[in-house]
Amino acid sequence: MVQCWLVERDYGSRNLITLVYATPDGERVNRKEVPITAIRNGALTVTAAKDVDETDLSAADDPERYRQEVERVRSDHDPDDEL
């Protein structure tokens, strides 16, 4: 498991939110689409960081941007902080 940090949250048109968590070096990411209702009703908690299995990571399209965003989130939040 690798600790990854929330670097992006996109709101889609189908009532889905895409959450992007990145490794500290910004090189790999985990993308997950979740229903907005899952967050609103408390079925899913979005935290600053989460542990991700290595097999669920893919190459990042903008590693430098993600690395910088990980640094910002890490300096402002503890891993379990809800965002």
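Annotations for the structure displayed:
- Taken about its Cα centre, the stretch 2-76 carries a charge dipole of roughly 400 debye when the Cβ of each Lys and Arg holds +1 and the Cβ of each Asp and Glu holds -1.
- Ellipticity at 222 nm from helices only: DSSP H runs of n ≥ 4 in the chain, each -39500 (n - 2.57), divided by the residue count, give -6500 deg cm²/dmol.
- 0 to 90° range, to nearest 10: angle between helix 63-76 axis and the chain longest Cα axis: 70
- The computed Rg and Dmax of the Cα atoms in Å for the structure shown corresponds, within (1) 12.3, 34; (2) 12.3, 39; (3) 12.2, 42, to (1).
We did not get these values from a lab; they are worked out from the coordinates using the rules stated. Owing to the predicted nature of the structure, the values given are computational and were not obtained by experimental measurement. Quick reminder, even Gly has a Cβ in these numbers, built from the backbone with ideal geometry, and neighbours come from all protein chains shown.
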